[in-house]
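Here is the structure we will look at, set down as structure tokens.
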Amino acid sequence: MKILILGSGGREFSIARAILNENESHELFFQPGNGATTTLGMNLNIKDYNDLANYAKENSIELTIVGPEGPLVDGVVDIFKSHGLVIFGPSKEAAQLEGSKVYMKNFLAKYNIPTARYIETDSIEDAFKFTNTLNAPIVVKADGLCGGKGVIIAQSHDEAKVAISEMLSGKSFGDAGLKVIIEEFLDGYELSMFAVCDGQDYILLPAAQDHKKLLDGDKGPNTGGMGAYAPTPLVDEKLYQKVRERIIRPTLDGMKNENAPFEGVLFIGIMVVNGEPITLEFNVRFGDPECEILMPLMTSSVSDMFYKAATKRLGEIKVEFSSQFAVGVVMASENYPYKNSIPAEIIVDEVHHEEIEKYTHISYAGVSMEDEKLYADGGRVLVCVGLGDSIKEARDRAYMRCGQVHFAGKKLRTDIAYQALL
Ligand code: AMP
Ligand code: GLY
């Protein structure tokens, strides 16, 4: 099958890798891809979505998979569908579940889906008033997309009020912060759950845990995610059931009721508080680096799952997962997440060790290729993934692989999956 993948990260690399692993004869295209996706398919440079849809038609592309939220919020799915193309992802309207935190919070409230107590407002007086009813820490969120940086966990009421004033004045996040959400702080452990949806039916993937902070022990600034593992033993069948009944089913039914049936990946950020799953947020795409560890755990056809989801036929298939665990360790560049780093050549040692060869791989993200040399030129550069019969084994293998990757300024956490190994 000819498949187009939108995006340029490790997430998109891992989807492509899984598709080629199931069948090498698939032909892949990336818009725009990265310096390593050229080893898996062809990188395009067509920014306009109508032009891209025309290219897809002319080249008989049968399926398009959208990785990041940007194109979804911009309506790429609606445009491709208007050209009669098959594309996996939510419509512009449904993508508001991620694109607007206010839309998401109002949706959760309307359909009684558990979430933190909150208000949404553009009035500084109302925001301050609500803040005074909460105990610190207090969570302040900008409404629009801020590349994952629009959430401030204020440690005091004063800090919360400064954050609110800066958002509402447009100072900290521009237009994205002109409406804010103030919410109670949820104290528990965090999970990433992913449901592949076709508007009506869905497939729930094994629960994962991300590591959002830059440094070991969950210290330092927030990042896009420094590593992930799955399945996590922090979830049992009872918790999966609660997530299904209290969050996913009412979300799919609610979105149908809103005339915006949800097709695509529903990424539920969950905080488990005293055994109860509370929705922190929705995203409308796979997490990165969670995707990099979920794709290798799928033993049934990945392309078929996306195709069936995009054609409303998920009910026809059975998706299967490996009994193994996967751990992914992100290697980031020197100045991540603050600013760009000088591109550094990446040297990957040749693999001679059978265990590393068989149970590890690399998903490339922020890399460029020049004269057949690979350079680290993005924030998160690559993810070393290890598979194993236990989390510990998978983690040890992922770190073995990390030891074989070299570039100036490389940064990584050394404690990925620690919550499962306590
Ligand atoms: P978000 O952009 O909404 O995913 O928030 C980013 C991160 O902030 C989440 O992954 C959580 O770690 C944290 N966070 C967001 N909302 C809350 C909350 N109400 N209570 C505790 N932590 C939160
Ligand atoms: N890893 C979290 C995210 O992709 O938003």
Subtracting the Cα-Cα distance of T38 and V351 from 0.36 nm times their residue separation yields 110.6 nm
For the stretch 38-182, whose charge dipole is built from +1 on Lys and Arg Cβ atoms and -1 on Asp and Glu Cβ atoms, the candidate among Y49, S156, N135 with its Cα farthest towards the positive end is N135
Taking a straight Cα-to-Cα line shorter than 18 Å from K47, and setting aside same-chain lysines fewer than 8 residues away, one finds K57, K81, K92
Length gained if K256 through F128 is fully extended, taking 0.36 nm per residue and subtracting the Cα-Cα distance, is 42.5 nm
Taking F13, F407 and counting other beta carbon atoms within 10 angstrom, the fewest-first order is F407, F13
With R313 itself left out, Lys, Arg at +1 and Asp, Glu at -1 over residues whose Cβ is under 13 Å from its Cβ give -2
With the 8 Å Cα cutoff and a minimum separation of six or more residues, the chain has a relative contact order in percent of 17 percent
By the C-alpha gyration tensor axes a ≥ b ≥ c (rounded if a/c is under 1.5, else prolate when a/b exceeds b/c, else oblate), the shape of the chain is rounded
In whole angstrom, the spacing between the Cα centers of the stretch 354-422 and the stretch 47-123 equals 30 Å
Under a Gaussian network model of the chain whose springs join Cα atoms within less than 10 Å, the largest fluctuation of E370, E183, E393 belongs to E370
With a 22 Å threshold on alpha-carbon distance, the violating pairs from K212/K256; K129/K242; K256/K312 are K212/K256; K129/K242
With +1 on the Cβ of every Lys and Arg and -1 on the Cβ of every Asp and Glu, the dipole magnitude of the chain about its Cα centre, in debye rounded to the nearest 20, is 660 debye
For the stretch 23-67, shape from the Cα gyration tensor axes a ≥ b ≥ c, cut at a/c of 1.5 then a/b versus b/c, turns out oblate
Net charge (Lys, Arg +1; Asp, Glu -1) of residues whose beta-carbon lies under 11 Å from that of Y359, Y359 excluded, is -3
With -39,500 (n - 2.57) per DSSP H segment of 4 or more residues and division by the full residue count of the chain, the 222 nm estimate, nearest 500 deg cm²/dmol, is -7500 deg cm²/dmol
Listed by chain and number, the aspartates and glutamates with an alpha carbon less than 19 angstrom from that of K161, same-chain partners under 8 positions apart left out, are E120, D122, E125, D126, D143, D175, E183, E184
Within the stretch 376-410, the residues whose backbone N lies under 12 Å from a label point placed 7 Å from the Cα of N21 along the Cα-to-Cβ direction are 385-388
Computed about the Cα centre, the charge dipole of the stretch 1-155 from +1 Lys/Arg and -1 Asp/Glu charges at the Cβ has a magnitude in debye, to the nearest 20, of 440 debye
Across all Cα atoms of the stretch 271-382, Rg and the largest Cα-Cα distance (Dmax), in Å, are 18.3, 54
Nearest-0.05 FRET efficiency for N59 and D389 at R0 = 41 Å, using Cβ-Cβ distance, is 0.45
One finds, for N50 and R244 with R0 = 35 angstrom and r their Cβ-Cβ distance, a FRET efficiency to the nearest 0.05 of 0.40
Summing +1 per Lys or Arg and -1 per Asp or Glu among the other residues with Cβ less than 11 Å from E370's Cβ gives -3
Here, E370 and F185, labelled 7 Å along Cα→Cβ, have an inter-label distance in nm of 4.5 nm
Hydrophobic long helices for the chain, i.e. whole DSSP H runs reaching 15 angstrom or more by Cα along the axis with Kyte-Doolittle mean at least -1.0, come out as 10-22, 157-168
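Bear in mind these aren't lab numbers, they're just calculated from the coordinates by the rules spelled out. Just so you know, these numbers come straight off a predicted model, no measurement behind them. Methodologically, a virtual Cβ is constructed for each residue, glycine included, from the backbone with ideal geometry; neighbour enumeration extends over all protein chains shown.
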